[in-house]
Amino acid sequence: MKKIVCLTLAIAATSPAAFAGDLPEDFDTKVTTAMEKWHAPGLGLAIVKDGEVLLSRGYGIKSVLNNNPVDEHTLFQAGSTTKAFASMALALLVDEGKVSWDDPIIKHVPELDLNEDYVEKNMTIRDVLSHRSGVSQLSNINVFLSKSLPDAWKMLPNNPQQTSFRQAWDYNNTIFALSGLVVEKVTGKPFHEFVKERILTPLGMTETLLLDAEVEARKNRAEAHQYIDGKFYQIEYPYIEYSQSAGMINSTPSDMAKWLRFLANGGMVGDKRLVSEAAMKEMFAPQMLMDPSTIYPAAATLDHSYYSYGLAWFVYDYKGEKIVMHTGSIDGMSAINAIVPGKKAGVYAFINADHIEYRHAMMYTVLDILLDKPAEDWSEKLYAVYHGKDKPEDKACPAFSDTALAALPGEYSLPGLFPLTITKADDGYMATLGVNTSKISVTGEGCLKVHDSDNPELPSSNYLQPTLNDAGALTQVKFSGLPFTKKASAE
């Protein structure tokens with residue numbers, strides 16, 4: 001049963017620092033104050049300076065249901081910061097001569113079937129890692145609807161190009177996850193086994209888990225939360241093993257300190273080189289230039305000389321230094337990872353709540369410390385960026401007429417996406433899209449409110465929107481903003 005709590009949270013710093021170093025005396029106080037301001041229940045933090053671990057620590061609580069403290073060994077979901085491990089796995093294979101960054105994916109995955117023949121034949125490992133395939137975003141949605149990459153890949157022939165091949169950066173988890181499939185095809189091992197054998201074990205990352213069953217059994221684990229209308233809700237932990245190389249990693253501050261140290265030291269583990277300097281340089285090299293204002297509001301506040309995406313890393317300049325960075329976001333969890341290659345330094349932060357953008361303020365605060373730059377109040381500065389606008393007034397919900405309600409049950413289609421089926425239920429309706437089933441409740445105004453499929457008890461402002469023809473017949477519904485056309489009933 002899903003558990004939800006609505007509490008006022010009091011946050012305190014927890015667990016002594018592991019390997020605490022030369023941080024400002026008020027660092028912990030400022031962190032916990034900012035966490036309360038940004039509504040972050042718990043935070044895991046790792047910092048590396050001069051190639052050595054400066055700090056590995058937990059703050060706040062793992063769960064608002066029990067207030068147990070986060071420590072440096074608490075497990076969090078890493079989201080898309082997983083992607084750097086995919087790039088690293090391929091870098092190891094590049095060093096061994098088993099693949100090239102510019103190998104077409106189809107060379108290693110001959111069953112690949114895309115809508116456009118030219119893209120199918122020419123899309124390379126480099127293209128996949130740098131998100132420049134241009135394939136429709138509906139393909140990105142399909143992996144979350146099906147919770148199965150093989151099923152999402154089977155839909156690719158129905159997903160045309162959204163943008164021109166290699167002409168724009170277009171984030172796509174389904175396409176990116178082909179990177180892990182290449183690793184499996186080349187090595188004959190599941191992606192998670194290769195990562196564990198070739199990356200995690202050499203780095204001593206014994207607390208990092210990739211399989212749902214292992215994560216579920218882990219006792220020292222942060223729980224996922226959302227903060228809605230002044231209340232905390234604990235939601236289901238995001239078990240996303242199905243995302244594979246796009247997002248399957250779960251880890252701890254202690255382990256991510258080891259990952260940071262490895263990256264900050266240019267691919268060295270102690271005195272042993274795990275990956276070549278050439279491969280490290282290639283991963284951290286810009287592949288696609290972009291406008292930061294279209295990516296992160298935090299980045300848009302800075303005057304960058306360049307802002308780009310590399311091989312599973314954002315790459316840009318900050319106060320005279322090259323930064324490689326990536327975020328991770330999944331229901332109830334947030335993360336951020338940044339490396340300063342020129343200073344052998346880096347920072348990683350987990351937060352066990354949904355899109356808590358304090359992660360950006362934390363990153364820039366730590367970067368200023370690592371770069372010996374004057375301190376700025378990044379929490380205050382970025383809070384205004386992310387919360388500066390007044391909350392929009394609630395709009396009138398789209399009511400359904402009795403005729404539209406009567407016609408609502410049935411099948412709906414959107415080319416390139418799994419079909420939507422709506423059925424009548426005792427207390428409203430049920431919508432099935434892929435493997436997800438959502439409750440639809442009828443409000444007093446005659447509107448249809450769609451509830452979260454995994455956490456139906458969460459408050460919702462997501463309404464089903466009807467489209468009627470001139471005769472008043474229901475022809476289409478917008479479900480989570482996507483337009484589905486009603487299929488004609490069978491005679």
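The values are calculated or read from the model by the stated rules, or taken from the named source; none is laboratory data. A quick note: this is a predicted structure, and the numbers were derived from the prediction, not measured. Please note: Cβ atoms are built from the backbone with ideal geometry, for glycine as well, and neighbour counts cover all protein chains shown.
See the values below:
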read-out	value
Single residue of 151, 170 found to be under 19 Å from the mean Cα position of the chain (by Cα) and either among the charged types (D, E, K, R) or part of a helix (DSSP H, G or I) (or both)	170
Filtered residues of the stretch 23-73 (kept if within 18 Å of residue 253 (Cα to Cα) and among the aromatic types (Phe, Trp, Tyr))	27, 59
Flag for residue 286 being within 20 Å of residue 80 (Cα to Cα), surrounded by fewer than 23 Cβ atoms within 10 Å (Cβ to Cβ) and in contact with a strand residue (DSSP E or B) (Cβ under 8 Å, 6 or more places away or on another chain)	yes
Which listed residue is within 28 Å of residue 162 (Cβ to Cβ) and hydroxyl-bearing (Ser, Thr, Tyr), from 423, 403, 432, 443	432
Qualifying residues in the stretch 64-79 (those that are of a type outside the set (S, T, N, Q) and assigned to a loop (DSSP other than H, G, I, E, B)) - the one surrounded by the most Cβ atoms within 10 Å (Cβ to Cβ)	78
Hits in the stretch 463-474 (condition: at pLDDT below 95 and either assigned to a loop (DSSP other than H, G, I, E, B) or exposed (fewer than 14 other Cβ atoms within 10 Å of the Cβ) (or both))	469, 470, 471, 472, 473
Near pairs, Cβ below 7 angstrom, 6+ apart or cross-chain, from the stretch 185-197 (at negative phi) to any residue that is β-branched (Val, Ile, Thr)	185/109; 186/99; 191/183; 194/183; 194/187
Segments classed as strands (runs of 3 or more DSSP E), wholly inside the stretch 320-394, with at least 3 members that are under 20 Å from the mean Cα position of the chain (by Cα) and over 25 Å from residue 61 (Cβ atoms)	321-330
Considering residues of the stretch 444-453 that are in contact with a strand residue (DSSP E or B) (Cβ under 6 Å, 6 or more places away or on another chain) and farther than 26 Å from residue 225 by Cβ only, the residue surrounded by the fewest Cβ atoms within 10 Å (Cβ to Cβ)	445
Boolean, residue 482 is in contact (Cβ under 8 Å) with a residue 12 or more places away in the chain, within 30 Å of residue 299 (Cα to Cα) and among the hydrophobic types (A, V, I, L, M, F, W, C)	yes
Residues located in the stretch 406-441, provided they are touching a residue at least 24 places away in the same chain (Cβ under 8 Å) and among the aliphatic types (A, V, I, L, M)	407, 408, 414, 417, 420, 422, 431, 433, 435, 440
